[in-house]
Each structure stands twice: as structure tokens, then as C-alpha cells.
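Engineer: I'd like to ask some things about the structure below.
The values are calculated or read from the model by the stated rules, or taken from the named source; none is laboratory data. Just so it is clear, the model here is predicted, and its values are computed rather than measured. Virtual Cβ from ideal backbone geometry, glycine too; neighbours counted across all protein chains shown. Just so you know, the surface numbers come from the protein's heavy atoms only, side chains and all, with ligands and any DNA or RNA stripped out. Shrake-Rupley method; radii C 1.70, N 1.55, O 1.52, S 1.80 Å.
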Amino acid sequence: MASSLLVLAAATLTLGLVQGQADMNSSTTFWKLSFDQKVLNIAQFLAGNIDTTKQLLEIAKSLRWLEQGTNGQLPGDAILPMVLDALPGVLGSNYIKGAVFLVLDEINRTRVDNVTQEVLFNATIDKIKPYNAPVYSQLFNDTLLKLTMLYKANNFNLIRAVNRYINQISARDLLFETSANLTVNPQCYSDTMDFFDAVVGARVNNDPNNVDLEHYFWAFKMLDSFGKPSGGIMKGAVHFVGSFDECGEVQAYLPNNSSFMFGQHPHNYTTRYDTRFCRVTFDLPDSVSESFNVDTRGITLRLNWGMCFPDSCHSDDVAAMFHLGKLQPYNISVHNVFCGEEDDLEDDPSAIVALFLLATLLGVVVLCTLLEAAVIFYNNNFAPSASSTNSTIEDPDNETHSIEKETVYVNQAFEPDSDKERYANLSGMEPSTSKQTGDAVLPVSYVHHREEPPVFKDGLPPSSNLSRAHVQQKHSPPPSYAKAVTGRSQHEMGVPKLVKAFSLLTNMPKVLSGSKSPKAIHCLHGIRFFSLMWVVLGHTYNYGVISVVDNPTTVNLVDADAIFHRFTFQGIMAAGFAVDTFFLLSGLLVTWLSLRDMAKKNGVGYWVMFYFHRFWRLTPIYMIVLMTFTCLHTYLGGGPLWPEELGTATNCKKYWWTNFLYVNNLVHDDEACMGWTWYLANDMQFYWITPVFILALFYVAPLGLAMVIGLLAVGIVCAAYYEYDNGGDIFTMHESDSKYWDQVYIVPWCRVGAYAVGMLLGYIFHKVKQTTLNMSTAVIGWLVTWGVGLTLCYITYTERKTGAEEWDRWIETLYESVGRPLWAACVAWIIFACHNNRGGFINSILSWEGFLPLSRLTYAAYLVHPIVMMLHAYSKRALYYIDDFDMVYLFLGHSAVTYFTAFLFSLVAEAPALAVEKLVFRLH
């Protein structure tokens, strides 16, 4: 009944307002009357229609609030009176009045075609028949008019009406400032309101269906750059990215023209501005987050919306806009706003210094490369041949030695009893293969691509009194060397060693060399490479894809949660064991090579160089990468996903010294600089205490073994204690109350167990000569290794599969404390079996010479791989979609770019630093 009355009221009101003309542009209509005339016409209509007026009065009497005493309960029949009670206030609004008049005008504009007019005419005749009224009587005319208006009311252009209504309102009328503490800076407010008004008012001749793209295209382009909802919201697609680049291309302009009316506001000033992209993050109600039914493991789900604002606006201004005017009552919860500011290099002294140092280093490398190339070109084309030298030995290191010298081959690969083995690479991530001659052990890093004997005329200096047979018997190099490098030393005559230290012509062959020594542990290269690939695979899901607390980059986070519960994914989640492999390798190499070294050299000088070489081996490239990442990361990427602050980089400006001193896993670890370098700090700390154990192993072996086993026990006990006390694992460490990361995962006393296993293996290698293992022993060893290793990787499925119960704390403790040393023991067996001729096809794969250059780059690759991942993730213009194929493709891409970047840093930083050390400390 009430709805019928409302329709009747609207129809009768319409009837009184219409003057019978359809086109208001060609006649005087109600729409063109003044406000007073409109009111007068309505009053006259009501006075002339007593019945309708009485009905409206009855409606007005029923407009009252519910009687008190209902205790807040709303009976079903009370809803309609409550709605009707609100109508007077609603109809008193200027916005509603404007809407009513506009709708009436649109109804009046609606044309009736001839066919419809005939239908309405016949319907009118049918309606007046009961009254016996003649056609064209007053009753007929009134009835026809009512039916015509009802038809028009049901068929007017609603979209056009809405469009026209919006054009009458300015954004300033809706988003007005309401509080002094919520103000937006005036220029930002004015520019933003002009943008909204330009989108709404961009019409040709006020025609709502004719958009003026010629003058207002920038406004639509700016609007188009806003993020928009996509499919898959229930799968976690709550990040409306937007178009970062389109926003940056907008150049807004509105001329000073008072005829431009935005609502009731003339545009009597010039608007001109550029734009900036902002990411607004809104808090979601808990009910929304819970509806996804997904364990986010500490990552809070929030709605991220990319928007485009004038460049006069900053983050605080944008946040305040969501509390202006009509938006204020809704209390929109804005968690954070980040508007990308374009960095000015001129105002960034740290970036300027970093660029200067990098440019200087690169310039030195280029200059030295050109100098060596020039010398080689000269020697090839203009220098006298080696045969003209009758009494000297020509040395590729630009030294001249007489035959009377005890050491004939001075490229140091053939020096008898060389002391260089004490400088062998001792880190788990560094290549351990050495060039060996007799007992001399030389790291690949220190020798050229090919070992070069001196060049003799006919193989023997003419001035020598020694017989050819005597020289060949005592000092002759292998024939392969004599054949391979007969001419190269001549070509390099006159190249200073310092120039060669920085030259790409020297360093590239060293890095890319695939030659191996027969006595080296060849399988270490493959183990090192595959371990790093395992780390990269695990971090592919971590850096920039899933484990991002405030800036998600994944479109289907719900699907990602399902992946975690799969059996096959447990192998990827177990990538943390790869770090224990590196600890094992480090303990193995430092113990084995140091024990061999101590048999020949010992003393204070030896131990000073023991520490210095280690520091110099790791630090130069480490600090160069740190400087580059810290000072230049904001210039290396950008986009809609770029974080407001990349803490792992910005923290370095305050705490870089913790990395330099290798204590970043213990000091300010909550604000870590390059957080993944906790491994380097642990490895260095293990290295600091190693001499105590090596001395004991060398002089009192039983005591030394007891000390190493004790160190292993300390690692297991500490890991058990802190894990039981704190709980958690790498799967849940992002949860707010988790202390697993800083109390268990990165502290040396919980991770030393694998290193101790490596020391035990190093002692075994020192004491037990290389041989062929008994077949039964090998079979049992391999079966146990495979069984234990696979169990450690996949037993977590019993806890992580869908519907599984969490492990008891004691099971977590056992897995965390014993699992890592057990994994190290499994890898130790693989190394031992492969080195003792029981590796089979596994040894063939791991010992492939192609892994040797990749193994050399492992350290540099570990340093740069998270940087590569973050720059890629945060510079994307679209979200990641997580599925197996895309993630494999992403992993392969990360691996390739990581190794290429590592190769560049190795050439300009790592190899020159090692060569300079070689020059400073002559290893004789």
C-alpha cells in the first residue's frame, strides 16, 4: 500500500510539473522556471488536487519514529514507518531536490513514438468507459496525460540522468575538510579536486553522452591508472596494482576559464601538474581475513590499492583524504600510504661516493685490460723473438731468472715446497681445488688459466753448463704445459704484475678455467654448486614472493598456502640444510689443509696470515656489494610494488660495521644489514676459534678429537635448549611472537654442529690416505646416507600436510638439534665415498669440470642472489602468480642472472683483491 501511495504521489507531482512539452530546449518548461515559481506551481497543484493532498498528509502523519519501549527490537511492521519517517529530512536535502528535479526533467525529455501513443490512446479510452466520459473530455485528457507520464517514468534514460546529476556536484562538495587535524596541504587538495571534477565534467556542450577527450584525456588517463579489482579475490587477490607507468606519463592541465563550472564552482585559475603513484594499504576486518581460511604464518592480509595523485600530494596528504567530508563517518582504516618520491642523486652523498668508487674501480679494470692488450699486441707484432735471448729464462710474470737459480719454473705452480698452500681457500663457499706439484697446494684463484714454464731456446738455455738430460730430469714440467704455453709468456713480456692483477685478460681465464688437479677433492665443486642452487630455489619463494610482511606481491596467496602442504614441496622447504653443507665444507677444508700446512710451516707469522688471508679473501667483494646495494638500490628499480623502505638495505647505513666485523648475527640482528649474510658471520666466527682445535689435533690428536666432539655436543645441546624454550621453525618464523630466527637459526652456538662434523672429516682426510673403499662398506654407507637424508628432508610432511597435528615441542627440538649434524654427516659420507672411488655416477656428476668455474663463483653468487630477486620482484608491474611452472621459470631466471652478476663482481672485485694480496705478500 505504501509503495502504491509513493508511486501515486510521484505521478501526481509529475503531472502538476509537466507543461505538456517534451523538449525543454524549445519551450518554457518547469525545469526553466525559477525556484520560487517551481514552489508556487507545486502549491497550486496540491491545492487543485484535494484527494492527492489528503493522501500525502496521511503519509506525513505516519512518518514518526518508533515508540520507545521496544528495547531496541524492531518488529517487522516497524521498518516501513521508520523509512517513511526519514523521508522529510531526505527530501529536504539540496542534493535530493536536485535529483528530483533532474529526474523529472529527464522524464519530460522522454519521447513517445507513434505506436506507443496509439496504445496509450486506446488504454485511456478503456479507462474512461466506466465513467461514460466522452473522448477528448477533461477526464480523457487527464487520464491520457497520467498514462503518458507513467510510461515516460518507466522508460526515461536513467544513465543520462545519473550522469547529469553527477555533473552538478563538485568533489569539493563531498570531500570538504571537516577538522583541523585532518587537513590536506592546499595545493594537493585543489589539484586532486580538479582531477575528480575534470573526470566528471569532461563533457562537450554539457552533453553527458559526449565526452570531451580532447581537453580532458589526461584526467581519464589518470583515472585509468588507478588499480582495479580483478578476479580471484577469494584466493587472496587483494592487491589492486594499477598502472605505475601510465600514472607517470600524465600531465594535467586545465585553463583559467570561469565558464568551466564544476558543480557550483567556476574554474577561474590555471591547473597544471605532474603526477606520482601512491600505494594505499587498508586494514581488513578480521572476519574478511578469516574467510580466506588460510594460514598466513605471520603475514597480515591487507588491501593494497594503487592510485595516482598530483605530485603536490605526499603520503600524509593522501592518507588524510580518506577522512574528508562524506567519508569521515565511515572511519576508513588506512594502515599506510606510500607515494614514491623520485630520488635526486645530487642530494644523496652516499650514492655519489658509491658511484665514484665503482667508476674508479671499473676504470682501473678497463685501463689495465687495455694496457695488457697493448703489450700483447706489441709483443706479437714488434718485439724480438724469444730465441734472441741466450742466457736468461723468460718468465710470464715479467721476471728474468738465471739458470743457476734453484727454482727454475717461477710461475709458482712448479716451485718445489711452495708455502702457498697455507693460503688455500678455506671457506665452504670457496673453491678448494688446488694446483698441486708434489706436496705444494695452490688455490686456483692464485694461478693463471694455464701454468706456464719459462721459455728456452730448444728447451735449454745455451749458457747453461748443465746437460739437457739433467735439466729435464730434475726440473722439466709436464709435456702438456711445455706444448701449451710456448708462446704465451713471450706475448706477456713487459706486463707489470699490478696491471695483470686488474686486467680482464688475466682474470677471466682464471675464473672460467676448468682444469683440475689429480689430487683434489673434485666432488666438492658439484656439491658447492648444487647447494647454492638449493638455497636459490628456497629463496625464490622467500625474497619478494611470499614472505613479505607489508608488501605482498602474490596474486594467489591462498594457492601458495596449499603448496606448502604438499609432500614434494618439503624438499624445497628443507633448503636450510644447504647452509649446513657449506658449514661442513668450511670445517673440512680449513682442518685438512691447515694440518697439512703445519707439517711444513708453523709459528706466529703463519697464524697471522691465517687470519689475514681469510679476512682479505671475503671482505673486499663483500663490502663492494654491500656499498652498491645500500647506496644505489633506490636507483636500480621502482614500480607499483616497490616497498616504502627496503630495511635490509637501509639498515646498512647505520650498521654496516657489524658486517665488516662479521658480528651481524649477534649485534643489531633485529635491524640486520643484508640479512642473508648471517651465514658469513657464523662461518667467520667458527674460523676464529678453529686454530685452538687444529693445534690440539696436530700435537695431541686424542685431545683434539675430544675437543671437536665436545664442540659438536655443545652445538646439539644449545640448539635443543633454545628450540625447546622458543619453539618454531623456518616455516613459522614470521609470526609476531616467534624468536626462532634470532634465538635459534642464526646464532653460532646453535649452528656449529655441522662445522664440527666437517672438522672431523678434515682430520680423517689428513690421516687416511686416498684409497678404494670396501664394496660392502660403501653399499651400507650409501643406503644409510640416502635413508637419513631423505627422511630429514621429507619427514616434516607429517606436520605440514593438510589436517595434520603440530609436532610436540620435544619432536621439534630433536629435529632442530640433531637434524643438522645428521645432514652434515650424510654429505660427509658422500665426499668421503666419492674421494675414495666409491661415488659411481654421482661422483662423475659432481666432479664434472663444468662445475669448477661455477664453484668459484659460489661466494659472489651467494652475496648477490637475494639482491637480484628483490630488484626483480619489487620492480614488476604485475603480481606473481604462484604455480609450479612459473616458479621453475622464475628460479632458472634468478639463477642465470645471479651467476652473471656474480661473474661481473668477481672480475672487478674478487680476483683483483686476491692478486693484489699475492703481490703484497710474496709467497716464498
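Engineer: Condition first: more than 17 Å from F629 (Cα to Cα) and crowded, with 23+ Cβ neighbours inside 10 Å. Now tell me which residues in segment 663-679 satisfy that.
Structural biologist: Listed by number, the list holds a single entry, N665.
Engineer: Quick check, is R596 touching a strand residue (DSSP E or B) at 6+ places or on another chain (Cβ under 8 Å) and of a type outside the set (A, V, I, L, M)?
Structural biologist: yes
Engineer: Still on this structure: Taking F569 and the conditions (1) aromatic (F, W, Y); (2) touching a residue at least 40 places away in the same chain (Cβ under 8 Å); (3) out of contact with any Pro (no Cβ under 8 Å at 6 or more places or on another chain), which numbered condition does it fall short on, given that it satisfies the others?
Structural biologist: Of the numbered conditions (1) aromatic (F, W, Y); (2) touching a residue at least 40 places away in the same chain (Cβ under 8 Å); (3) out of contact with any Pro (no Cβ under 8 Å at 6 or more places or on another chain), the odd one out for F569 is (2).
Engineer: Of all residues in segment 535-554, which are modelled with pLDDT under 85, hydrophobic (A, V, I, L, M, F, W, C) and more than 23 Å from G803 (Cα to Cα)?
Structural biologist: Within segment 535-554, V545, V548, V549 qualify.
Engineer: In segment 824-853, what residues are within 21 Å of G576 (Cβ to Cβ), more than 35 Å from the chain's Cα centre (by Cα) and open to solvent by less than 20 Å² (accessible area, probe 1.4 Å)?
Structural biologist: Passing the criteria: only I831.
Engineer: Here are the criteria: (1) out of contact with any Phe, Trp or Tyr (no Cβ under 7 Å at 6 or more places or on another chain); (2) surrounded by fewer than 19 Cβ atoms within 10 Å (Cβ to Cβ). Tell me which single one N651 does not satisfy.
Structural biologist: (2)
Engineer: Being of a type in the set (A, V, I, L, M, F, W, C) and in contact (Cβ under 8 Å) with a residue 40 or more places away in the chain narrows it down to one of A896, A909, so name that one.
Structural biologist: After ruling out the rest, the residue left standing is A909.
Engineer: Further, regarding this structure: Quick one: which residue in A374, A359, A319 is in contact with a strand residue (DSSP E or B) (Cβ under 7 Å, 6 or more places away or on another chain) and free of Cβ contacts under 8 Å to residues at least 60 places away in the same chain?
Structural biologist: The unique qualifying residue is A319.
Engineer: Condition first: within 15 Å of C834 (Cβ to Cβ) and open to solvent by 50 Å² or more (accessible area, probe 1.4 Å). Now tell me which residues in segment 496-534 satisfy that.
Structural biologist: K516, P518, K519, F530 - these are the residues of segment 496-534 that are within 15 Å of C834 (Cβ to Cβ) and open to solvent by 50 Å² or more (accessible area, probe 1.4 Å).
Engineer: Check whether at least one residue in segment 649-665 is among the β-branched types (V, I, T), touching a residue at least 24 places away in the same chain (Cβ under 8 Å), out of contact with any strand residue (DSSP E or B) (no Cβ under 9 Å at 6 or more places or on another chain) and assigned to a helix (DSSP H, G or I), and report yes or no.
Structural biologist: To start, the set of residues in segment 649-665 that are among the β-branched types (V, I, T) comprises 650, 658, 663.
So of that shortlist, the ones also touching a residue at least 24 places away in the same chain (Cβ under 8 Å) come out as none.
No - not one qualifying residue is present in segment 649-665.
Engineer: Is it the case that G789 is assigned to a helix (DSSP H, G or I) and under 18 Å from V708 (Cα atoms)?
Structural biologist: no
Engineer: Restricting attention to segment 628-648, which residues are open to solvent by 40 Å² or more (accessible area, probe 1.4 Å) and part of a helix (DSSP H, G or I)?
Structural biologist: T634, Y635
Engineer: Oh, and also: Give me a count of the residues in segment 269-297 that are modelled with pLDDT of 90 or more and open to solvent by 30 Å² or more (accessible area, probe 1.4 Å).
Structural biologist: Number of matching residues: 3.
Engineer: In segment 353-398, which residue that is more than 30 Å from I621 (Cβ to Cβ) and of a type in the set (G, A, S) is modelled with the highest pLDDT?
Structural biologist: So the residue we want is A383.
Engineer: Hey, another quick one. Could you grab me the full set of residues in segment 315-352 that are in a loop (DSSP other than H, G, I, E, B), farther than 30 Å from V908 by Cβ, modelled with pLDDT of 85 or more and under 24 Å from the mean Cα position of the chain (by Cα)?
Structural biologist: none
For (1) more than 19 Å from I624 (Cβ to Cβ); (2) open to solvent by 10 Å² or more (accessible area, probe 1.4 Å); (3) in a loop (DSSP other than H, G, I, E, B), each residue gets a yes or a no:
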{"site": "K876", "(1), (2), (3)": "yes, yes, yes"}
{"site": "D886", "(1), (2), (3)": "yes, yes, no"}
{"site": "F891", "(1), (2), (3)": "yes, yes, no"}
{"site": "A902", "(1), (2), (3)": "no, no, no"}
{"site": "V916", "(1), (2), (3)": "no, yes, no"}
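Engineer: If I filter segment 803-816 for residues that are open to solvent by 20 Å² or more (accessible area, probe 1.4 Å) and over 25 Å from Q743 (Cα atoms), do I get at least one hit?
Structural biologist: yes
Engineer: Exactly one of (1) in contact (Cβ under 8 Å) with a residue 24 or more places away in the chain; (2) surrounded by fewer than 20 Cβ atoms within 10 Å (Cβ to Cβ); (3) over 32 Å from the mean Cα position of the chain (by Cα) is unmet by Y721. Its number?
Structural biologist: (1)
Engineer: Could you tell me which residue of segment 298-343 is surrounded by the fewest Cβ atoms within 10 Å (Cβ to Cβ), considering only residues that are of a type in the set (S, T, Y) and out of contact with any helix residue (DSSP H, G or I) (no Cβ under 7 Å at 6 or more places or on another chain)? Write out each step before concluding.
Structural biologist: Residues of segment 298-343 that are of a type in the set (S, T, Y), as a first pass: 300, 312, 315, 330, 333.
Imposing the further condition that a residue be out of contact with any helix residue (DSSP H, G or I) (no Cβ under 7 Å at 6 or more places or on another chain) reduces the set to 300, 315, 330, 333.
On the way: T300: 15, S315: 18, Y330: 9, S333: 13.
So, considering only residues that are of a type in the set (S, T, Y) and out of contact with any helix residue (DSSP H, G or I) (no Cβ under 7 Å at 6 or more places or on another chain), the one surrounded by the fewest Cβ atoms within 10 Å (Cβ to Cβ) is Y330.
Engineer: Just one of (1) over 30 Å from Y899 (Cβ atoms); (2) touching a helix residue (DSSP H, G or I) at 6+ places or on another chain (Cβ under 6 Å); (3) surrounded by fewer than 17 Cβ atoms within 10 Å (Cβ to Cβ) trips up Y794, so point out which.
Structural biologist: (1)
Engineer: Given (1) open to solvent by 80 Å² or more (accessible area, probe 1.4 Å); (2) at pLDDT below 85, where does Q187 come up short, assuming only one miss?
Structural biologist: Failed condition: (2).
Engineer: Kindly provide the set of residues from segment 767-791 that are more than 33 Å from the chain's Cα centre (by Cα) and open to solvent by less than 40 Å² (accessible area, probe 1.4 Å), ordered by number.
Structural biologist: The answer is L773, A778, G781, W782, T785, G787.
Engineer: Next up: Do we have any residue at all in segment 766-779 that's under 26 Å from I811 (Cα atoms), part of a helix (DSSP H, G or I) and either modelled with pLDDT under 90 or of a type in the set (G, A, S) (or both)?
Structural biologist: First pass over segment 766-779, keeping only residues under 26 Å from I811 (Cα atoms): none.
No, every residue in segment 766-779 fails to be under 26 Å from I811 (Cα atoms), part of a helix (DSSP H, G or I) and either modelled with pLDDT under 90 or of a type in the set (G, A, S) (or both).
Rundown of residues vs (1) in a loop (DSSP other than H, G, I, E, B); (2) open to solvent by 40 Å² or more (accessible area, probe 1.4 Å); (3) at pLDDT below 90, yes/no style:
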position: M222; (1), (2), (3): no, no, no
position: F226; (1), (2), (3): yes, no, no
position: S230; (1), (2), (3): yes, yes, yes
position: A237; (1), (2), (3): yes, no, yes
position: C247; (1), (2), (3): no, no, no
position: S259; (1), (2), (3): no, yes, yes
